[in-house]
Amino acid sequence: MLIDQQHYRSIWYDEAQRAAFIFDQTLLPHRFHTIALRTLDDFCQAIIEMKVRGAPLIGATAAYGLALSLRHSAKDIESTYQRLLATRPTAINLRWALDKVRKAVHDNPQLTAFVAALTACHQLCDDDVDTCSRIGNHGLHMIEQLILPKKKAGDVVHILTHCNAGWLATVDWGTAVAPIYKAHQKGIPVHVWVDETRPRNQGASLTAWELLHAGIPHTVIPDNTGGHLMQHGMVDLCIVGSDRTTAHGDVCNKIGTYLKALAAHANHVPFYVALPVSTIDWTINDGCREIPIEERSSDEVTHITGRDHFGNIVTVNITPDGSPAANYAFDVTPAALVSGLITEHGIFPASAAGLDVLRKKISL
Ligand code: MRU
């Protein structure tokens, strides 16, 4: 995506510097700061501390972590794989990407492990860009077919999104935000309600920053506002991303997604989930029982980080000392609340039957 007329991906590799580069997303929107990742520790810490986050980008980062650790020797590939896999438990793209790199090493014995793995990483990133662009096209088509006919010519389409499923969460384009970028580029007037997404505020700090740079009208709202807006006819459509979707269509995404889906259902607002096929965990059916939900430090709830009057990034405490806090990072939205799954292969019902059709289409 373009930032001040320059095109960026959220991760890229520079052989001259023997490093993968990312933006430190913990500093956005206050600082646009690039960091180099070289060692296995660098990669693991970047994922654990959420300098990179978002299911597809976590996968791409872990993939480069595995590849770069093979530069001198392939003997530790299994332990490196396991260390990277353990960085965050919920997004299935992490395992998917690591598996791809490990398979590339195995399938290309004529190449050094490093070259085979690095080539796979570059391909994985290029594929992710293409995948997300196609998700955007399918989502745009849905907006044109489902939402625009209900509006008068020139009316604004109001879309609510939760967390950040934009280009910062993928290699480029994003998942849930890709249809919004495509609609805006096509001249459809869109306005985005951006859930702030406590406790880490990925909506307020990352989605808002993306939309601002793309010139897309948007409004940041506290997480508890969506129901009110839907009751008053101020939301035409919700689109969110996913960290893991089951073979029966249950969707795991950032904590608070479920509440938005309930409000959307009660108010007859379409609730779509945009995801690449790599986010589907075909081995499980029941999202509530089978998806591991990451629990993060309570400090993320008791403290909040922002910019003070002097431009310094500061963290302050917002709860009484001694009050415990809970920090479940994700929740599961049952398939029955999901209007459809927007994938790179088209839009499918969130159900076992719907996903079966997708599976057959891609011959998995
Ligand atoms: O904890 P995060 O910031 O990694 O959570 C990100 C999300 O929940 C996104 O909605 C999801 O990964 C989809 S990203 C295309």
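As I understand it, the value is the acute angle between the Cα axis of helix 55-68 and the longest principal axis of the Cα atoms of the chain; what does it come to in degrees, rounded to 10? Relative to the chain, helix 55-68 is tipped by roughly 10 degrees. The separation of segment 291-364 from segment 155-195, counted between C-alpha centres, amounts to 17 Å.
Within the chain, the proportion of C-alpha pairs whose separation exceeds 33 Å stands at 26%. If you take all other residues with their beta carbon under 13 Å from the beta carbon of Lys100, and give Lys and Arg +1 and Asp and Glu -1, the sum is -2.
Taking other Cβ atoms within 10 Å as a rough exposure proxy, His268, His72 sort from fewest to most as His268, His72. Compared with the alpha-carbon gap, the fully stretched path from Asp4 to Tyr328 is longer by 113.1 nm at 0.36 nm per residue.
Each of Ile313, Ile255 was scored by other Cβ atoms within 10 Å of its Cβ. Listed from fewest to most, they are Ile313, Ile255.
What the phi angles of segment 210-227 give under the Karplus curve with 6.51, -1.76 and 1.60, with θ = phi - 60°, is a coupling list of 4, 5, 4, 5, 8, x, 9, x, 7, 9, 7, 10, x, 4, 8, 8, x, x Hz, glycine and proline written as x.
If each DSSP helix of 4+ residues adds -39,500 (n - 2.57) and the sum is divided by the residues in the chain, what number results at 222 nm, nearest 500 deg cm²/dmol?
Using -39500 (n - 2.57) per qualifying helix, the result is -10500 deg cm²/dmol.
Counting neighbouring Cβ atoms within 10 Å and putting the fewest first, the residues Trp282, Trp209 line up as Trp282, Trp209.
For GluC sites (Glu not before Pro), the sites in segment 213-321 that DSSP calls loop and that have at most 16 other Cβ atoms within 10 Å are Glu294. Within straight cross-link reach of Lys260, meaning Cα distance under 12 Å, which aspartates and glutamates are found once same-chain residues fewer than 8 apart are removed? Filter leaves Asp195, Asp223, Asp331. Between 0 and 90 degrees, the angle of helix 93-107 with respect to the longest Cα principal axis of the chain falls at about 30 degrees.
A crude spin-label estimate for the pair Leu212 and His72, with each label 7 Å from Cα along the Cβ direction, gives 4.3 nm.
Bear in mind that the values in this text are calculations on the coordinates, not laboratory data. Not measured: the values here are computed from a predicted model. No Cβ is skipped: glycine too gets one built from the backbone with ideal geometry, and neighbour counts run over all protein chains shown.
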